[in-house]
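Right, one structure below, let's go through it.
The values are calculated or read from the model by the stated rules, or taken from the named source; none is laboratory data. If you're wondering where the values come from, they're calculated on a predicted model, not measured in any experiment. With ideal geometry, Cβ positions are generated from the backbone for all residues, glycine too; neighbour counts draw on all protein chains shown. Only protein heavy atoms, including side chains, enter the accessible area calculation; ligands, DNA and RNA are left aside. Shrake-Rupley method; radii C 1.70, N 1.55, O 1.52, S 1.80 Å.
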Amino acid sequence: MSDALALQNALAALTFDRLAPGWRRCTSVFVNLGVTARLERAVETDSTVVRTPPADLAEFEAWSQLREIMADRERGAWLTGRLRLHSSGAYSFDFSWDEEPRWPLMVDIDGRLVESLPVENSELREDMAKYPRDATVTPRWLVERLGAHPVDFSDDWSALLEPLEASDNWSIIREMVRDTVQVLGDDRDAVLDSDVVADAVYNELLASTRASQLMRLLRDAAAGGVVEEPNGLTHDERSPSRVVIGRDDAFREHVHVLRSLLGQLAIQEIANIVTRGGMP
């Protein structure tokens, strides 16, 4: 426990040093499952609450190390962590071991999720393999999620999107689409809506990327002849996508094209679902 307290002190100090002058309170929310992690933060100043740019690698590593060292043989690892920090230096942590987690996209100053996405069953399975739980302390929702059958996909590409197969960046996006389909369709009979899938991936990309990353996707698509070569932006491409989209007309037009491609990719991957009998 002393090691965990030392890591909590170090993580609070690391977060403190990352904050710009003029803040009063801040709250960070961290969710980690398998190899996927998200960290969102709200910062209160004298006049407003703002969302800071994405956390850096050092913060992610510190949170992940804290979760690993706090893992318990019977209870596994906590699923959601919150750090509340005051400009005086006072801080507190709380950890949720049993509440069903969601990927945070936006949080308020008290650590509540304002915008979020459901976690994937595949990530829950991977996390439980790493941090197993005793059956007596496994919440019912987790038992039900782990018992659901995963959705399988064939690897077919449509004629329109086939040039994207050679792009590593678009392979990542394809997996994001499949993960979202997994969340919505895993062990359910509901009809999947490609627009719902595409919007979920689109919103996650806007919330978690820099403009340069989305522009790279479009340039890869243009290299394959799928779309026209995008024009440059008037704003720094290193800025967060969610900031640039409100300030740059060209970027808004580009992400509209990207959203259309995501819709086509969602249609393709829903068509690629393999049924329980093994036939597409």
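Each listed q (0.19, 0.20, 0.21 Å⁻¹) maps to a log10 I(q)/I(0) for segment 95-140, found by the Debye formula over equal Cα scatterers with no solvent: -0.73, -0.79, -0.84. Restricting the calculation to Cα atoms, the chain yields a radius of gyration followed by a Dmax of 20.4, 61 Å. Mean separation of Cα pairs under 8 Å and 6 or more residues apart, divided by the residue count, gives the chain a relative contact order of 15 percent.
If each Cα of segment 200-247 is one equal point scatterer, what is log10 of I(q)/I(0) from the Debye formula at q = 0.21, 0.32 Å⁻¹? One equal scatterer on each Cα of segment 200-247 leads to -0.73, -1.13. In terms of the mean number of neighbouring beta-carbon atoms within 10 Å, the peptides 152-162, 245-255 order highest first as 245-255, 152-162.
Take the Cα of ALA13, step 7 Å toward its Cβ, do the same at ASP193, and the gap between the two points is 5.0 nm.
With every protein chain in place and a 1.4 angstrom probe, the accessible-area ranking of THR15, THR234, THR48, largest first, reads THR234, THR48, THR15.
With each label modelled as a point 7 angstrom along the Cα→C-beta vector, the ARG219-THR234 pair spans 2.1 nm.
Please compute, over every Cα-Cα pair in segment 1-69, the percentage with a separation greater than 19 angstrom. Working shown, then result.
Numbers: 836 of 2346 pairs.
Value for segment 1-69 (Cα pairs over 19 Å): 36 percent.
Share of carbon and sulfur in the accessible area of the chain stands at 50%, probe radius 1.4 Å.
Taking a ≥ b ≥ c as the square roots of the eigenvalues of the Cα gyration tensor, an a/c ratio of 1.5 or more together with a/b larger than b/c marks segment 1-154 as prolate.
Look at the dipole of segment 9-132 built from charges on Cβ: of PHE95, THR15, PRO132, the Cα furthest out on the positive end belongs to THR15. Here the spin labels are modelled as points 7 Å beyond Cα on the Cα-Cβ line, and at VAL143 and GLU68 they lie 3.1 nm apart.
In sequence order, segment 56-61 has phi-based couplings of 8, 4, 4, 5, 4, 5 Hz under the Karplus curve 6.51 cos²θ - 1.76 cosθ + 1.60, θ = phi - 60°, and Gly or Pro positions carry x. Using only side-chain charges placed at the Cβ, +1 for Lys and Arg and -1 for Asp and Glu, the dipole size of the chain relative to its Cα centre rounds to 800 debye. Remark: the chain carries 51 Å² of accessible area per residue (probe radius 1.4 Å; ligands, DNA and RNA excluded). About its Cα centre, the dipole of segment 96-181 is roughly 280 debye, where the only charges are +1 on Lys and Arg Cβ and -1 on Asp and Glu Cβ. A cut-off of 5 Å between modelled amide H atoms, ignoring neighbours fewer than 5 places along the same chain, links ARG24 with GLU44, THR45. Working note: Karplus 6.51/-1.76/1.60 with θ = phi - 60° gives segment 125-131 the couplings 4, 5, 5, 5, 5, 7, 10 Hz, where Gly and Pro are set to x.
Whole-Hz Karplus values for segment 17-34 come out as 5, 7, 8, 6, x, x, 8, 10, 9, 8, 9, 10, 10, 10, 10, 9, 9, x Hz, taken residue by residue from phi with 6.51 cos²θ - 1.76 cosθ + 1.60 and θ = phi - 60°; glycine and proline positions read x.
Calculation over all alpha carbon pairs of segment 59-107 in 5 angstrom steps from 0 returns a P(r) of 5, 16, 24, 28, 18, 7, 3, 0 percent.
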